[in-house]
Amino acid sequence: MTLAKVFSQKLRELGISSIYIGHERPSLQSLAIKMLLKNYGLVEERREGMLITQDHGIKLISGKGTETSRYTFRKGGKKVSIHLPEYPKMVIDLGLFEFLNEEEKEKTLLQVDLCLSVIRKFLWDGNLTVVGKADYVLGRANIVQSLSLSDEDNPVILDPYGDVVATDQILRDHNVFVIGGIVDKGRRLDRATERLALSRGYSFPRVKIQLRGSIIGVPDEINKILEIILRVKELDQSLEEAIISLQSKSDKISRLLHDVQLYGMEVLEEEARWLRADDKVIEIVRSRLGKN
């Protein structure tokens, strides 16, 4: 359950159906994050404004208008006590970080940094854990040296060479997702997640995310893997839709090249529509195949 949904349920319990938000971003998720991490909350005062949006049944009002609210969201306001979602827990394990060269370390930490903004789209910092780098600071995410999990956590580790193929249901049924702080596909340290799992003694399932039977075209950035999982679990998107939505142009090109080489040029247009690839991507694919 997203933080926005938890927040909206608590507001309704308190009899609050609308909030005047001033210049704040019109999103309950954004308001809840700001309330948790900064000195913001609700002040009981009557304000009039224009209905900007209705988010999870709560009216968000701003500017001038005829809509009324008894509560204003602002700095110094009273915080609303909400039950923070314990699951899902997203874990990034940096156990192989010291084996990376400097360029790889820089890219890895950039992707991990981006995970904070991703987790805040759905949950909050407390649902993110970084393992194996004691001097690392990432908002209010949990920074630990080793991971302690129970059977109730029902964990899996994401590995492009794992023996379990991810499905929508598998992702929705599990509570904890471990992502290795390194990219496996075609990089210097091949099958690094398998190596990480062995070194850590992780005995739980190694799950691979595929797109119609292949890992080609599946984004491999840590932050995007995390968001794919959260879109399936928290927004009820299909796994395929989440993958395609987060593909870069490079991901689309790689998949189109793979499929055209496998099935022939006649599939290019249909595959491009499936991947929502634009004309520029199709042009690049044709050029690389010498078909211009």
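Each value in this text was obtained by applying a stated rule to the coordinates, not by laboratory testing. Keep in mind it's a predicted model, so treat the numbers as computed, not measured. Every residue, glycine as well, gets a Cβ built from its backbone with ideal geometry; the counts of neighbours run over all protein chains shown.
Sorted from longest to shortest, the spans of the Cα atoms of the range 137-206 along the three principal axes equal 33, 32, 23 Å.
Which order results if MET35, MET1 are arranged by neighbouring Cβ count within 10 Å, fewest first? Could the numbers behind the result be given before it?
Working: MET35 20, MET1 14.
Ranked by crowding around the Cβ, least crowded first: MET1, MET35.
Of ASP93, ASP55, ASP151, the residue with the greatest mean-square motion in the GNM of the chain, using alpha carbon springs below 10 Å, is ASP151.
Could you tell me what percent of the DSSP beta bridges with both partners in the chain are antiparallel, to the nearest 5? List each step's numbers first, then the result.
Values: 15 of 39 bridges.
Approximately 40 percent, going by the DSSP bridge assignments.
Ranking of LEU37, LEU230 by neighbouring Cβ atoms within 10 Å, starting from the fewest: LEU37, LEU230.
The stretch between ASN175 and LYS79, if pulled fully straight at 0.36 nm per residue, gains 31.8 nm over its current Cα-Cα span. In whole percents, the pair-distance distribution calculated for the range 161-292 from its alpha-carbon pairs, binned every 10 Å from zero, is 11, 39, 32, 15, 3, 0.
With +1 assigned to the C-beta of every Lys and Arg and -1 to the C-beta of every Asp and Glu, and no other charges, what is the dipole magnitude of the range 93-219 about the Cα centre in debye, to the nearest 20? If you can, show how the numbers build up before the last one.
Working: 16 positive and 19 negative charges, 63 e Å.
Dipole size: approximately 300 debye.
Amide hydrogen proximity for VAL176: with H placed 1.01 Å from N in the peptide plane, the residues at 5 or more positions away or on another chain lying under 5 Å are LYS89, VAL156. Note on LYS59: lysines with a C-alpha under 26 Å away, same-chain residues under 8 apart excluded, are LYS5, LYS10, LYS34, LYS38, LYS75, LYS78, LYS79, LYS121, LYS233.
Around the amide H of TYR71, modelled in the peptide plane, lie the amide H atoms of TYR20, GLU45, ARG47, all under 5 Å away and 5 or more residues distant in sequence or on another chain. Rounded to the nearest 20 debye, the dipole size of the chain about its Cα centre is 1100 debye, using +1 on the Cβ of Lys and Arg and -1 on the Cβ of Asp and Glu. Projecting the Cα positions of SER250, ALA272, ILE284 onto the charge dipole of the range 249-288 (unit charges on Cβ atoms of Lys, Arg, Asp and Glu, taken about the Cα centre) puts SER250 furthest along the positive direction. Among ARG212, ARG286, a tally of other beta-carbon atoms within 10 Å of each Cβ gives an order, fewest to most, of ARG212, ARG286. Put a plus charge on the Cβ of each Lys and Arg, a minus charge on the Cβ of each Asp and Glu, and nothing anywhere else: the dipole of the range 183-257 about its Cα centre is then about 340 debye. At q = 0.14, 0.17, 0.34 Å⁻¹ the log10 of I(q)/I(0) for the range 249-288 amounts to -0.21, -0.32, -1.40, computed by Debye summation with a single uniform scatterer per C-alpha, solvent ignored.
Find the Cα radius of gyration of the chain, compare it with 2.2 N^0.38 Å by division, and give the number to two decimals. Before the final figure, lay out the partial values.
Working: Rg = 22.0 Å, N = 292, 2.2 N^0.38 = 19.0 Å.
Working it through for the chain, the quotient is 1.16.
Taken over the Cα atoms of the range 89-245, the convex hull encloses 107 Å³ per residue. Candidates GLY63, ILE16, LEU3 compared by Cα position along the dipole of the range 3-75: farthest toward the positive end lies LEU3, with charges placed on Cβ.
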